[in-house]
Amino acid sequence: MEKETKTNKTLIMFSNDLDKALAGFNIAIGAVSMGFNATIFFTFWGINILRKENFLPCKKGITDKIFALLMPRGPDKLILSKMHMMGMGTWMMKRVMKNKQVAMLPELIKLAQDSGVKFIACQMSMDMMGIKREELISGLDYSGVAKYLEEAGKADVNLFI
Amino acid sequence: MEKETKTNKTLIMFSNDLDKALAGFNIAIGAVSMGFNATIFFTFWGINILRKENFLPCKKGITDKIFALLMPRGPDKLILSKMHMMGMGTWMMKRVMKNKQVAMLPELIKLAQDSGVKFIACQMSMDMMGIKREELISGLDYSGVAKYLEEAGKADVNLFI
Amino acid sequence: MEKETKTNKTLIMFSNDLDKALAGFNIAIGAVSMGFNATIFFTFWGINILRKENFLPCKKGITDKIFALLMPRGPDKLILSKMHMMGMGTWMMKRVMKNKQVAMLPELIKLAQDSGVKFIACQMSMDMMGIKREELISGLDYSGVAKYLEEAGKADVNLFI
């Protein structure tokens, strides 16, 4: 009989701050590289991390259009949660990361997908913010809080980021 | 002999951001609707979510009075953690939620209490911020970090929101 | 045969907000006082909590120097995540805590170390932000995400703060 042990790692990516996204993807990639299953559940602002960079004309209401416009479109548009300084902080951080050859967010997202991190986009958040599936990158599952709780119940590490 | 399995879900509601509160309550309500026990431990700013809307004259020091005045009184006063835009972001989000008939925070709080989510208010945070029990909604337990850790130790999902 | 039960508590201290740091240390100290092992993994902004107050001239590049200058140096320099009000909020909170004899952050850090909370500083974050080991307080382990995941896998409570 197989011994039941939970070793999965599950992250809720609620934020779209660049710094928090970097932390989340580094943890998830670390987990899969150690042989664990890792799932990231993107909800609320976190949905923005999954948006394609290019503007995609979609049929949606005016409020949804404004909303979509005001939120960052994809990983390159994210900013730090601190040291805003009119964009200087984010610019500096990216420069430092590049100089030190630390992996940037778009690379981390690709690496995470390639190495088997499971991405789940919260459908309810998408509906609320008026984001359509065709506006998001491919390779996603779409689901809700019930699915998250099911995954989280199989994991021994659960974080809200 | 009963097999011991942890299936409870425990959330620390530290923030009083509208968006984070929405996420927390949706997770807790999702959990109880799936048959799990769910506990929300309200600490620090999170205490403000539990405040009654109406001003209640209490005997307290001047600093406590100023503090209480500067913090949001109840779920209707919370604002988003992002897209402040002088209140526009929160107003837009509420309008979107209303249009799409997504449950608003006051309804979620009621639903959570009615469906058996356990609410614990952190007494130490209340003391620090000078918030009295009569200023909070009814149906709460009052406790501290030891109680939280006891509950968290019986849960398989623990989140800090 | 020893029954394997996870009772450790592991916190990721990502933030350097005063309020979140207070919450994190109170949880960790609560845990060790109840007989559990507690580990705090300081990453990203959280590294700043561990910085010595006094400026230490270090050999580093100009960007690293600017970065270090822009981030808070040690627990006394942290500010609240909310109620900035040009520093008023943090000043008020500290005054309230002092009046009510609530332990301040520097005391909590010392208490945590004295009572056996394990401190791990994320080496990758330090490299990225150009913070040297000699700039941080003593008594730290230095490690990365793999070590964190190893510790987290032995814990029944894992929080991202």
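Quick note: the coordinates plus some simple rules give every number you see, no bench work behind them. Computed from a predicted model, the values in this text were never measured in an experiment. FYI the Cβ positions are ideal-geometry reconstructions off the backbone, even for glycines, and counts take in every protein chain you see.
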If we count other beta carbons within 10 Å of each Cβ, what is the order of C:63, B:5, C:10, C:39, fewest first? B:5, C:63, C:39, C:10
Would you mind computing the Rg to Rh ratio of chain B from its alpha-carbon coordinates, Kirkwood style for Rh? 0.99
Nearby aspartates and glutamates by direct alpha-carbon distance to residue B:94 (threshold 20 angstrom, same-chain neighbours under 8 apart not counted): A:64, A:127, B:17, B:19, B:53, B:76, B:107
Percent relative contact order for chain B, counting Cα pairs under 8 Å at least six residues apart, stands at 38
To the nearest whole number, what is the average tally of beta carbon atoms from other chains within 10 Å of the beta carbons of peptide B:151-158? 6
Filtering chain B for DSSP H helices with an axial alpha carbon extent of at least 15 Å and a Kyte-Doolittle mean of at least -1.0 returns B:18-33, B:88-99
For peptides A:48-59, C:26-37, sequence by mean Cβ density within 10 Å, most packed first: C:26-37, A:48-59
Please compute the net charge surrounding residue B:128, taking Lys and Arg as +1 and Asp and Glu as -1 over other residues with Cβ under 13 Å from its Cβ. +3
For residue A:116, label point 7 Å along C-beta direction: distances to other copies, nm: 3.7, 3.7
Which pairs, out of A:77/C:59; B:52/C:82; A:60/C:20; A:147/C:6, put more than 28 Å between their alpha-carbon atoms? A:77/C:59; A:60/C:20
What residues have an amide H closer than 5 Å to that of residue A:121, excluding those fewer than 5 places away on the same chain, when H is modeled at 1.01 Å from N in the peptide plane? A:42, A:141, A:142, A:143
Under 16 Å from the Cα of residue B:9 - aspartates and glutamates, other chains or at least 8 residues apart: A:150, A:151, A:156, B:150, B:151, B:156, C:156
Theoretical FRET efficiency, 1/(1+(r/R0)^6), r = Cβ-Cβ of residue A:91 and residue B:99, R0 45 Å, to 0.05: 0.75
Net charge of Cβ neighbours under 14 Å - reference residue A:116; Lys, Arg +1; Asp, Glu -1: +1
Rank C:117, A:93, B:115 by how far each Cα sits towards the positive end of the charge dipole of the protein assembly as shown (+1 on Lys, Arg Cβ; -1 on Asp, Glu Cβ) and give me just the farthest. A:93
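Antiparallel DSSP bridges in segment A:8-160: what percent, to the nearest 5? Write down the numbers at each step before the final one.
Details: 1 of 18 bridges.
Within segment A:8-160, antiparallel bridges account for around 5 percent of the total.
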Going by a ≥ b ≥ c, the root eigenvalues of the Cα gyration tensor, does the protein assembly as shown fall in the rounded group (a/c under 1.5), the prolate group (a/b larger than b/c) or the oblate group? rounded
Grab the DSSP H runs of chain B that are 4 residues or longer, score each as -39,500 (n - 2.57), total them, divide by all residues and round the 222 nm result to the nearest 500 deg cm²/dmol. -11500 deg cm²/dmol
Relative to the other copies, what are the label-point distances for residue A:62, with labels 7 Å from Cα along the C-beta vector, expressed in nm at one decimal and sorted shortest first? 5.0, 5.0
Centroid-to-centroid separation of segment C:35-99 and segment C:110-161 [C-alpha atoms, Å]: 15
Under a 5 Å amide H to amide H cut-off, with H placed in plane at 1.01 Å, what residues pair with residue A:136 once short-range neighbours are removed? A:52
Shortest-first nm distances, residue B:77 label point to equivalent points in other copies (7 Å, Cα→Cβ): 3.4, 3.4
